[in-house]
Amino acid sequence: MKTKNISIDVKQSKKKSHSFWKFFWLTFLAVSLGYAWYSFYAPSNDITWIDNMESAQKLANNSDKKIMIFFTGTWCSPCKMMKRQVFADQEVNKAMDAKVVSIEINIDDSNSEALIKQYSIGATPTTIFIDNEGNVIDYAVGKVGKAKFLEMLLNI
């Protein structure tokens, strides 16, 4: 009789353990998928992005604004997070419209090689503020938060 009780206890123990791991892996999968979606989701924003330097320089000269170049890549998770947390903010949108002409450069585009070499871009995201002649006023390598970005905008 004692042998039966022991085998029943072992089976119940394994069943409880199996349920725990099933719950653990399902929870892990759900959290991982949620984080992946969050990392790559970038909402639309009201910023008018220009994709070439010549047009940006013309606009900047006509409007007496500086130029902001945002180097990004379609695969860049920190870039997407910055677009979601910084560029989608209404306060940032208003400040950008007042101070800069915005260029978004995809570093994987072969047409952007000259700008990448000119500004020695080695990582994304990289945000550079320049004057109308192309001289760097301020820059940041890596993801920049809203407060730091607004500070940079106010100081140009």
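Using Cβ point charges alone (K and R +1, D and E -1), the dipole size of the range 28-144 about the Cα centre works out to roughly 320 debye.
Taking a ≥ b ≥ c as the square roots of the eigenvalues of the Cα gyration tensor, the range 49-154 is oblate, since a/c reaches 1.5 or more and a/b is not larger than b/c. Residue 83 sits among other residues whose Cβ lies under 13 Å from its own Cβ, and their net charge, with Lys and Arg +1 and Asp and Glu -1, is +1. Each Lys or Arg adds one and each Asp or Glu takes one away; over the other residues whose Cβ falls under 14 Å from the Cβ of residue 67, this sums to -4.
A cut-off under 15 angstrom between Cβ atoms defines the neighbours of residue 116, and their net charge, with Lys, Arg +1 and Asp, Glu -1, is -4. Taking all Cα pairs closer than 8 Å and separated by 6 or more residues, the relative contact order of the range 101-156 comes to 23 percent. Dipole size of the range 78-156 about its Cα centre, with +1 on Lys/Arg Cβ and -1 on Asp/Glu Cβ: approximately 360 debye, rounded to the nearest 20. Sorting 93-104, 126-137 by their mean Cβ neighbour count within 10 Å, with the most densely packed peptide first, gives 93-104, 126-137.
Every read-out reported here was derived from the displayed coordinates using simple, explicitly stated rules and does not represent laboratory data. These numbers come from a predicted model, not from an experiment. Cβ sites come from the backbone with ideal geometry, for glycine too, and all protein chains shown count toward neighbours.
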